[in-house]
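Inspection log for the structure reproduced underneath, given as structure tokens.
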Amino acid sequence: MIKQLNRRALLLGAGGATLSLPFLEYFLPKPAQAAPADFSRLILCYSGQAMGGDRDNSRSRFVPDSEGSLRSQPLPLSLQPLGGRENWPGTYTHSRHGPGFKEPVRNWEGEVYDVRDKVSVVSGMHIPLGNGVASAPKYHHRGTVSAHFSGKTSKLADKAQCWGSTADVIFEDTMGSAPSLRCVAQAHNYGNGAQYDNTFSYRSDGNGGTDPIGAQVSPAAMYNSLFGGFIPPDQTASAAQVQAAARRQGVLDLILPAAHRLDARLGVADRARLEAHLDGLSTLRNRIDSLEETVAACELPPHPGDDPSVTGGRGGDGSSFNEGEGWSQENKRAEAFIDMMVMAMACDMTRSATLMFSYHQSFLNGEPPTGLRGDQHQIGHGGNVDRANGSANDSVALCHHYPVRYFGYLVGKLASVEVAPDRTLLDECAAGLFFEAGHGMYEGGMSAHSGDEMCALLAGGVGGLRMGEHIRLLGEHPASVLTSMLDAVGCEPQLGDIGGRQARLFV
Amino acid sequence: MAKGNHVGLLGLLLGSLSVSACTAELGGGAGDESLNFGENSAREDDSGEDGRLIVGRSLRRLSTREIENTLDTLFPELSGQRLRFPLEGYELFDNEEAHTDNGQAFIENAALVMSALVEQARNVPELWQSIEVCDSETETSVCLGDFYDAWAPILLRRPGDAVERAQFVALAELDLGTRSDAVSVALEALLRHADFLHRVELGEGSSEVRTLTHQEILGRLSFFLWGEAPDSALIIQAKSVDLHDALARGAFAQVMLGDARARVALMDYHAQWIGFSTMARQGVGEDMWLESQQLIERVLFDEKGSYDEMFLLSESFLTPRLALHYHLPAPVEPSWVTLEGGGRAGILGHGSFLSSFANVGDTSPTKRGKNVQNRLLCRNIQLPEVSEVDVDAAPEPGQCYTEFLEDVHAQGACATCHELLDGVGFGLDAFDRFGVHREHERDKEECAIAGEGFLDGRPFSGPAELGRLIVEHEDFGPCVATQLVRFFSGFDSSRDKQAKNWASALSEEFAANGHDFVGLLIALVESPEFSLVAPR
């Protein structure tokens, strides 16, 4: 449990001296903040993987055997990391080395929380195929994304663009909160990415289109932005620290008005292009301001260090990756983002966040996280790559360990931050982990592109969300999990063409 | 069974094709009436009044390549150790507005990269001295003013601004530490300045279509030909040149092409256009990159012959390692080697290209064909809106991949597009996904590969013959011009009526001058459009 702090986060040196500068009129006002009594927070995570592999008719390794308590039944292979290290003991036979070879499930360093009581598994959901309401124009990579995250049928079947505002944006706009922290742990497309593959956040432009909102891929850059200049309140700031903070502020005090001057010189269309830039600069400034406020449980998270180097490489199958390619320590990146995300929420620097563990149709090299030679995409298709236990579904399940383990890490971290007596950050959250596709019959065979058997993980106690259970929402639209989360955090439960809340997700 | 033998007939009919099931735009050459299908149909942009393109973007965020190049030129002492921007994805060219998000993530990255650069610069005394401009006796406020006067025109690519200058000078009133600390703030502010991170082209006057300033034209030249902002040497060099004069501008561009940075920039351009820019430059991949780099430099700069040689040259620059990889006789040291037989020639025979559009576990005749059609002939063949088959389906055990593809792709409406795509891809299929010649499919000796294909009904076998068909194709010249205009413009100008007209005019010059690519570059620079903007 992180020690609860009664202290003042201090940004040193910024204020008085700059007040004499003549260009304060350029500073934008801070965006409206949610009412202090409103503590709800929203976190959306994503993995570009289906629930099962092609041509493997066995039941998904993701779905628990029965509904009800997760603790009262064995965790399926995909979900083993939710049980903590002691419940993540699996070994699997490895097709490359023959049936006698046993390889332990890869188990990275760091905390692995037992969060079986804090996470619910939602299964059995369905995105319709076709051009109807909130449908997937085709069951293929990216085809489900718009329907899932914006509740709108895609206008471009082979693009991941969402055609309505996504839940994180709706939350921001409704609550008037600071912009979401948007993170993407996959460092690179590894030669197989397409436009829009590295974000699942979109804002409606009011004219039938949407604008993608980019996600941060550099933990170091995000740390610098969030916590650079942060001085723990129980420390006495040195003169050097005061001056360093003043320098940070000094840079912003020059570039923010400069950007506004540029804005004034542009035509209407080009001004729209600069808008995101201006918003970003204002966010930097507001983050500095937010550090001046007293927030319980806020402390400096560990510095993530330099970003792991990006290996490059192209997916396709295991043999197409040279040694060490296609994996740039995405697990470390995810962990760093989660550490920052949790503390930024504890510090009330933001109330919403997104984290993509992998791109849509991810071609991450599967070997470092699973031991299976093959990229994540091809593992899903059960092609000419290694198989765990001879099963495409078991192989996919091992790929799930990366996002599931770190979603559990997120939940455990949120639960470890006490924001008030007997209340943790997790109690104020609605957090979900979503996937690119389900696992079902399509074109005559089991397909990793299918919109059947869509699943999600759900966590957080805000709004009475039900935790620690397997809840089967057979045939329901997975966007309804998101509308339920919106309802839980105090927003209207509407996402594009999908509305209402799933009563069974609530106690 | 030979691949692709069945695909010729429909291709022969291409000129009068009606492809209702195919999400494609065919005949994208200048002056053609495009056949638009489905999602990619877009309203043509009617900007501009004279029937030719007025490049209307007054604001373009620099690509990270352009930023990095600029910083490397400004601060060469730091180039080996600097923190770099994260890689950004793109589909064709990295400088297009669709791929140059200037929002929160970019701003955070710029903050980290630039603050780290300033810290590193301070640790190199000679460099820092040159940055600070003033001597140790000068007052901080004066020094800050001098700093602004010296650096703002270079970094902001416009004259300094009196109000802004005063704000920089006012840093002296703050308790920031030493004078160098104050200059650090000033330098970081310029490097994170919106004017530095964007190309701002507002032109002169207030009319709808404006003439760019001298400095803005110089910026266009530098970004286009060098992939970076103008440095102080170039600014000085250009002072005596009337860049508003087309011929003078063209002559100045010729001089710029003599700089090593032009070689790098045009290598980057071709790597993006051909489609191998994101390849891992490690191991044999490093040698593949070198092979293509040497070819591009030889054709464009060293021999200055016909651009067709890019696709026809029967020599290749091979390292011993790459030659072994290709199963070719290995030279003693990296050198030009004559390619005798085997079907290789030009850049389409390079591992860089052949490894770029593979499928899971094997080649992808479809992807290869699609990228040849779309990138080199400027067609716009895309995935259909409704997929009738599982595009990731795999052959049954024992089934030849060729037969599998022919079966799957012959189904229903799929056949129309796939004949266009696979016809090209099958002709390259005797080269595997690593660019190595092969006789049969991977692990299937019984599945012989003929490597025979068709482009618009004309048969070919291998990169050399495909290269010949490409350079002789009526759409090739217009496409070369179209892609160059698109790269210059920074947005997908292929559907812009004025851009098409401009590309058409340029392609005529390209044809008239015997496919001289450098001549095409100069013609583009000398075009009236080069110095105009229509702010929106």
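The values are calculated or read from the model by the stated rules, or taken from the named source; none is laboratory data. Bear in mind that the values here come from a model prediction, so they are computed numbers and not experimental data. Note: ideal-geometry Cβ built from the backbone for every residue, glycine included; neighbour counts use all protein chains shown.
General observations
- The range B:290-316 - residue that is buried (at least 21 other Cβ atoms within 10 Å of the Cβ) and of a type in the set (Phe, Trp, Tyr) and, of those, farthest from B:Gln483 (Cα to Cα): B:Phe311
- Scan of the range B:457-505 for residues that are among the aliphatic types (A, V, I, L, M) and in contact with a Leu (Cβ under 9 Å, 6 or more places away or on another chain), ordered by number: B:Ala464, B:Leu466, B:Leu469, B:Ile470, B:Val471, B:Val480, B:Ala481, B:Leu484, B:Val485, B:Ala499, B:Ala503
- Any chance B:Ser240 is within 23 Å of A:Arg261 (Cβ to Cβ) and surrounded by fewer than 22 Cβ atoms within 10 Å (Cβ to Cβ): no
- When A:Pro89, A:Pro74, A:Pro137, A:Pro128 are checked against the criterion of being without any contact (Cβ under 8 Å) to a residue 24 or more places away in the chain and in contact with a Ser or Thr (Cβ under 7 Å, 6 or more places away or on another chain), a single residue qualifies: A:Pro137.
- Scanning the range A:110-169 for residues that are within 11 Å of chain B (Cβ to nearest Cβ) and of a type in the set (D, E, K, R) turns up A:Lys138, A:Arg142, A:Lys155, A:Asp158, A:Lys159.
- Qualifying residue in the range A:318-332 (condition: touching a His at 6+ places or on another chain (Cβ under 9 Å) and either modelled with pLDDT of 95 or more or within 14 Å of another protein chain (Cβ to nearest Cβ) (or both)): yes
- Number of residues in the range B:385-404 that are at pLDDT 70 or above and either crowded, with 21+ Cβ neighbours inside 10 Å or within 11 Å of chain A (Cβ to nearest Cβ) (or both): the value is 5.
- 1 or more residues at pLDDT 90 or above and not acidic (Asp, Glu): qualifying strands (runs of 3 or more DSSP E) within the range A:29-130: A:41-47, A:119-125
- Screening A:Gly206, A:Gly228, A:Gly267, A:Gly176 for residues that are free of Cβ contacts under 8 Å to residues at least 24 places away in the same chain and either more than 12 Å from every other protein chain (Cβ to nearest Cβ) or charged (D, E, K, R) (or both) leaves exactly one candidate, A:Gly206.
- In the set (1) at pLDDT 95 or above; (2) surrounded by fewer than 22 Cβ atoms within 10 Å (Cβ to Cβ); (3) within 30 Å of A:Asp158 (Cα to Cα), the condition left unmet by A:Ser484 is number (2).
- Inter-residue pairs, beta-carbon under 9 Å, first within 14 Å of chain B (Cβ to nearest Cβ) and touching a residue at least 12 places away in the same chain (Cβ under 8 Å) and in the range A:414-443, second basic (Lys, Arg) and surrounded by fewer than 21 Cβ atoms within 10 Å (Cβ to Cβ), 6+ apart: A:His439/A:Arg59
- Residue ID - nearest to B:Arg65 (Cα to Cα), chosen from residues in the range B:279-304 that are touching a residue at least 40 places away in the same chain (Cβ under 8 Å) and not in a helix (DSSP H, G or I): B:Met279
- Identification of helices (runs of 4 or more DSSP H) wholly contained in the range B:310-384 with 3 or more residues that are closer than 21 Å to B:Arg298 by Cβ and away from chain A (no Cβ under 14 Å) yields B:320-326.
- All positions within the range A:270-288 that are at the interface with another protein chain (Cβ under 7 Å from one of its Cβ atoms) and either among the polar types (S, T, N, Q) or touching a strand residue (DSSP E or B) at 6+ places or on another chain (Cβ under 9 Å) (or both): A:Asp270, A:Arg273, A:Leu274, A:Ala276, A:His277, A:Thr283
- All positions within the range B:76-125 that are of a type outside the set (Asp, Glu), within 7 Å of another protein chain (Cβ to nearest Cβ) and outside any helix (DSSP H, G or I): B:Pro86, B:Leu87, B:Gly89, B:Asn102, B:Gly103
- Scan the range B:419-456 for residues that are surrounded by 21 or more Cβ atoms within 10 Å (Cβ to Cβ), more than 28 Å from the chain's Cα centre (by Cα) and of a type outside the set (Asp, Glu) and the total you get is 2.
Table: residues versus (1) assigned to a loop (DSSP other than H, G, I, E, B); (2) closer than 27 Å to A:Ser225 by Cα; (3) under 18 Å from the mean Cα position of the chain (by Cα).
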{"residue": "A:Gly143", "(1), (2), (3)": "yes, no, no"}
{"residue": "A:Lys152", "(1), (2), (3)": "yes, no, no"}
{"residue": "A:Ile170", "(1), (2), (3)": "no, yes, yes"}
{"residue": "A:Asp173", "(1), (2), (3)": "no, yes, no"}
{"residue": "A:Pro179", "(1), (2), (3)": "yes, yes, yes"}
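- Cross-chain or 6+ apart pairs with Cβ under 6 Å, the range A:236-257 first and facing chain B (nearest Cβ under 9 Å) and in contact (Cβ under 8 Å) with a residue 24 or more places away in the chain, then surrounded by fewer than 20 Cβ atoms within 10 Å (Cβ to Cβ) and part of a loop (DSSP other than H, G, I, E, B): A:Gln243/B:Gly177; A:Pro257/A:Phe23
- Options B:Arg261, B:Arg220; residue that is in contact with a Phe, Trp or Tyr (Cβ under 9 Å, 6 or more places away or on another chain) and either surrounded by fewer than 17 Cβ atoms within 10 Å (Cβ to Cβ) or within 15 Å of B:Arg158 (Cβ to Cβ) (or both): B:Arg220
- Of the residues making up the range B:149-177, those that are of a type outside the set (Val, Ile, Thr), in contact (Cβ under 8 Å) with a residue 24 or more places away in the chain and within 27 Å of B:Leu218 (Cα to Cα) number 9.
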